[in-house]
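The values are calculated or read from the model by the stated rules, or taken from the named source; none is laboratory data. In this text, all values refer to a predicted model and were calculated from it rather than measured experimentally. A quick note on method: Cβ atoms are made from the backbone with ideal geometry, for glycine too, and the neighbour counts reach across all protein chains shown. Surface accessibility is based on the protein's heavy atoms, side chains included, excluding ligands, DNA and RNA. Shrake-Rupley method; radii C 1.70, N 1.55, O 1.52, S 1.80 Å.
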Amino acid sequence: MSPIRSATVAALASAVLATTLTACQFGGEERDTSPIVIAADLELSGASATVGKAYQRALELKVEQLNSSGALNGRRVELRVKDNRSDASESLRNINDFSDDSRVSAIIMGGCNECAVGAVRTIDEKRVPTIALAPSGAVTNPVGQRRYVFKLSPNAADNAATLTAELRRGGAREVGLLHSDDDYGREGLAALQREFAKAGVKVRRVERVRATDTDVTRQVTSVTTGNPDALVLWTPPEQARLAAVAAQAAGFRGSLFLDASAAGDLFLGGAARATERATLVFTQTMVIDDVIATTPAKAARRQWFQDYTARFGGYHGSSSFAADAVQLIADAALRAGGDPGAVNRDGIRDVLETSQLDGLSGPIRMTPDNHSGLMPQALTTLVARNGRWRLAG
C-alpha cells in the first residue's frame, strides 16, 4: 500500500472513530438536534380574535423562553401559526394541512369550541397529537373516540362547583343566568343546575348570547327582572363585559359572578365601574403578583406573569394555558424517543396521556381516562377591585 493511500485510510478511520465517539459514547445513541415543530390553529380574526391573539403572544413568548433556556438537549421549538378566522370550516382545513406535514410534531388549537369539536374525528384519523384550549367537555369526551385529543382549560363541572360555593358564601338564593349559545354554554347550564339543586339556589331566568353579539341588553334585562340576588355570566370575555355594563345601566344592584370562560384582560378598562366587586372563578396565575412565591411553581408563575406583562404591557388570563400546552408538547417530544430526526407522533401522544406538570396554570394531570388535565385545585376566586382583578380575601 502506498504511503499516500495508507495515510488516507488512517485519516478516514480516525474520522469515523471520532464521529462514533461523539454520537455514540460507549453505546450511547446519536444526539437528535431536529426541531420540535408545533403548529397552532388560532382565532386571529373574527369574533374570537382578542383571545386568539393573546394565545399567539403567549405561544411566541413561551417558545422563545424554551429555546433560550438550554433545556431542550440541543433541540429547538419551531412554531407555525395559521388563522382559522373563528370559523370551524377554516379550522378544519388548517388541521388537515398541519396533519399532512410530516415535520409537525403536534398541534395546539385555540379557544373555539366548535372548531375543536369539529376536528376531533380528523385528528384521530390523522393520528396527530393535539392540545385544544377550548373549554367544552366534548373536546375530549368520550376519550375512546378522542385518543389524540387533549384539553387545557377549566372544566365546566369544576367551575360550577366553585362558583356555587361562592354564591352560597355570599348568601345568594335566587339568580339570573346568562350563558353562551354553544356546547360549553349548554354544558355549563347543566352543571350549574346540578350544583344549584344541591345548594338550594333557584334560577329565576335563563338567557343565551352568541359570541358574535354586540348588544346583550334584551337578555340582561330579562335575567335581571325581579332583582335576583346575583347575576351569573357564563360567556366569553367580550359578552361578559357587555352584560356587566348593561346590568349597571338597567339598575341591577345584585352581585356579579363570572365563570372562567369570561376571564380576559387583567385590567377591566371601560367595564371597570360595572364590574367593581364582581367575582370571577379562575386560576391563580391571573393575580400571581398578589401571591407570595413560596414554591418553585409559584415563582415560575410569577416570573411568567412579569415577563408577559413586560413584553405586552398587560396580562391576559388565558395566556398560561397556551404556554403550558407548549411545555407539555416539548417535554413529550423529548421523552418520546424514536429515530433521530423523525417525528414520533404516537410516542408523543403516549407521553401526553400520562403527563404531570405543575404548570403556569396550576396542577395538570393527564390519564388514559381523562384527557382534560387542569385539576380542580387550580381554580380560585378573584374579585374586581379598582379596575383590575385581585385575589379574593
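If you check every pair at least six apart or on different chains, which have Cβ atoms under 7 Å apart with a residue in the range 262-290 that is touching a residue at least 24 places away in the same chain (Cβ under 8 Å) and within 19 Å of ALA230 (Cβ to Cβ) first and a residue that is basic (Lys, Arg) and buried (at least 16 other Cβ atoms within 10 Å of the Cβ) second?
The qualifying pairs are LEU268/ARG388; ALA271/ARG241.
Exactly one condition in (1) touching a residue at least 24 places away in the same chain (Cβ under 8 Å); (2) in a helix (DSSP H, G or I); (3) open to solvent by 60 Å² or more (accessible area, probe 1.4 Å) is not met by ALA330; state its number.
Every condition holds for ALA330 apart from (3).
Limited to the range 121-145, what total is found for residues that are closer than 25 Å to PRO236 by Cβ, over 15 Å from the mean Cα position of the chain (by Cα) and not in a helix (DSSP H, G or I)?
Of the residues in that region, 1 qualify.
Assess whether LEU44 counts as being open to solvent by less than 40 Å² (accessible area, probe 1.4 Å), at pLDDT 90 or above, part of a loop (DSSP other than H, G, I, E, B) and within 19 Å of PHE312 (Cβ to Cβ). Talk me through it step by step, then tell me what you get.
Working: open to solvent by less than 40 Å² (accessible area, probe 1.4 Å): yes; at pLDDT 90 or above: yes; part of a loop (DSSP other than H, G, I, E, B): yes; within 19 Å of PHE312 (Cβ to Cβ): yes.
In short, yes.
Suppose we filter the range 272-322 for residues that are surrounded by fewer than 24 Cβ atoms within 10 Å (Cβ to Cβ), hydrophobic (A, V, I, L, M, F, W, C) and in a helix (DSSP H, G or I); how many remain?
Of the residues in that region, 10 qualify.
Taking the range 343-360 only, how many residues are within 12 Å of SER105 (Cα to Cα) and open to solvent by 50 Å² or more (accessible area, probe 1.4 Å)?
2
Kindly provide the set of residues from the range 86-133 that are of a type outside the set (D, E, K, R), touching a residue at least 60 places away in the same chain (Cβ under 8 Å) and either surrounded by fewer than 23 Cβ atoms within 10 Å (Cβ to Cβ) or out of contact with any strand residue (DSSP E or B) (no Cβ under 9 Å at 6 or more places or on another chain) (or both), ordered by number.
The answer is SER86, SER102, VAL104, VAL117.
Only one of (1) at pLDDT below 90; (2) open to solvent by less than 30 Å² (accessible area, probe 1.4 Å) is not met by ALA7, so which one is it?
(2)
So, in the range 362-393, of the ones that are hydrophobic (A, V, I, L, M, F, W, C) and farther than 17 Å from GLY170 by Cα, which residue ends up most open to solvent (accessible area, probe 1.4 Å)? Explain how you work it out, then say what you get.
Taking the range 362-393 and keeping what is hydrophobic (A, V, I, L, M, F, W, C), we get 364, 366, 374-375, 378-379, 382-384, 389, 391-392.
From the residues that got through so far, the ones that are farther than 17 Å from GLY170 by Cα too are 364, 366, 374-375, 378-379, 389.
Values: ILE364: 0, MET366: 10, LEU374: 7, MET375: 55, ALA378: 8, LEU379: 23, TRP389: 9 Å².
Within the range 362-393, the match that is most open to solvent (accessible area, probe 1.4 Å) is MET375.
Please determine whether any residue of the range 221-238 is assigned to a loop (DSSP other than H, G, I, E, B), under 21 Å from the mean Cα position of the chain (by Cα) and among the hydroxyl-bearing types (Ser, Thr, Tyr).
If we filter the range 221-238 for residues that are assigned to a loop (DSSP other than H, G, I, E, B), which is where we start, we get 225-229, 235-236.
If we keep only those that are under 21 Å from the mean Cα position of the chain (by Cα) too, we end up with 235-236.
Retained after the next criterion (residues that are among the hydroxyl-bearing types (Ser, Thr, Tyr)): 235.
Yes: one or more hits.
Scan the range 200-216 residue by residue and report those that are under 30 Å from the mean Cα position of the chain (by Cα) and surrounded by fewer than 16 Cβ atoms within 10 Å (Cβ to Cβ).
Answer for the range 200-216, where residues must be under 30 Å from the mean Cα position of the chain (by Cα) and surrounded by fewer than 16 Cβ atoms within 10 Å (Cβ to Cβ): ARG210, THR212, THR214, ASP215.
I'd like to know if the range 111-120 contains one or more residues that are polar (S, T, N, Q) and part of a loop (DSSP other than H, G, I, E, B).
Looking only at the range 111-120, we keep the residues that are polar (S, T, N, Q), and these are 113.
Within this subset, residues satisfying the condition of being part of a loop (DSSP other than H, G, I, E, B) are none.
So far as the range 111-120 goes, no, none of its residues is polar (S, T, N, Q) and part of a loop (DSSP other than H, G, I, E, B).
Taking LEU231 as the residue in question, decide whether it is in contact with a Phe, Trp or Tyr (Cβ under 6 Å, 6 or more places away or on another chain), open to solvent by less than 50 Å² (accessible area, probe 1.4 Å) and not aromatic (Phe, Trp, Tyr).
Values: in contact with a Phe, Trp or Tyr (Cβ under 6 Å, 6 or more places away or on another chain): no; open to solvent by less than 50 Å² (accessible area, probe 1.4 Å): yes; not aromatic (Phe, Trp, Tyr): yes.
Taking the combined requirement at face value, the residue does not satisfy it.
Would the range 156-170 turn up any residue that is open to solvent by 10 Å² or more (accessible area, probe 1.4 Å), of a type in the set (Gly, Ala, Ser) and modelled with pLDDT under 95?
Taking the range 156-170 first, the residues open to solvent by 10 Å² or more (accessible area, probe 1.4 Å) are 157-158, 161-162, 165-166, 168-170.
From what's left, of a type in the set (Gly, Ala, Ser): 157, 161, 165, 170.
Right, trim to modelled with pLDDT under 95 and you get 170.
Taking every residue of the range 156-170 in turn, at least one turns out to be open to solvent by 10 Å² or more (accessible area, probe 1.4 Å), of a type in the set (Gly, Ala, Ser) and modelled with pLDDT under 95.
Out of all the residues in the range 17-28, is one or more at pLDDT 95 or above, touching an Asp or Glu at 6+ places or on another chain (Cβ under 9 Å) and either among the aliphatic types (A, V, I, L, M) or assigned to a loop (DSSP other than H, G, I, E, B) (or both)?
Step one: of the range 17-28, the residues at pLDDT 95 or above are none.
Checked the range 17-28: no residue is at pLDDT 95 or above, touching an Asp or Glu at 6+ places or on another chain (Cβ under 9 Å) and either among the aliphatic types (A, V, I, L, M) or assigned to a loop (DSSP other than H, G, I, E, B) (or both).
From the set of residues in the range 154-169 that are out of contact with any Phe, Trp or Tyr (no Cβ under 9 Å at 6 or more places or on another chain) and in a helix (DSSP H, G or I), which is farthest from TYR184 (Cα to Cα)?
Taking the range 154-169 and keeping what is out of contact with any Phe, Trp or Tyr (no Cβ under 9 Å at 6 or more places or on another chain), we get 155, 157-158, 161-162, 165, 168-169.
Among the residues that remain, those that are also in a helix (DSSP H, G or I) are: 157-158, 161-162, 165, 168-169.
Working: ALA157: 11, ASP158: 13, ALA161: 15, THR162: 17, ALA165: 20, ARG168: 23, ARG169: 25 Å.
Checking each candidate, the answer is ARG169.
Can you confirm whether SER136 is out of contact with any His (no Cβ under 6 Å at 6 or more places or on another chain), without any contact (Cβ under 8 Å) to a residue 60 or more places away in the chain and either closer than 26 Å to LEU192 by Cα or open to solvent by less than 10 Å² (accessible area, probe 1.4 Å) (or both)?
On the way: out of contact with any His (no Cβ under 6 Å at 6 or more places or on another chain): yes; without any contact (Cβ under 8 Å) to a residue 60 or more places away in the chain: yes; either closer than 26 Å to LEU192 by Cα or open to solvent by less than 10 Å² (accessible area, probe 1.4 Å) (or both): yes.
Taking the combined requirement at face value, the residue satisfies it.
Quick one: would you say ARG186 is farther than 30 Å from GLU60 by Cα, open to solvent by 40 Å² or more (accessible area, probe 1.4 Å), in a helix (DSSP H, G or I) and without any contact (Cβ under 8 Å) to a residue 60 or more places away in the chain? Let's see the steps before the verdict.
Numbers: farther than 30 Å from GLU60 by Cα: yes; open to solvent by 40 Å² or more (accessible area, probe 1.4 Å): yes; in a helix (DSSP H, G or I): yes; without any contact (Cβ under 8 Å) to a residue 60 or more places away in the chain: yes.
Answer is yes for this residue.
Give the residues of the range 248-266 that are open to solvent by 20 Å² or more (accessible area, probe 1.4 Å), in contact with a Gly (Cβ under 7 Å, 6 or more places away or on another chain) and under 21 Å from SER153 (Cα atoms), sorted by residue number.
ASP265
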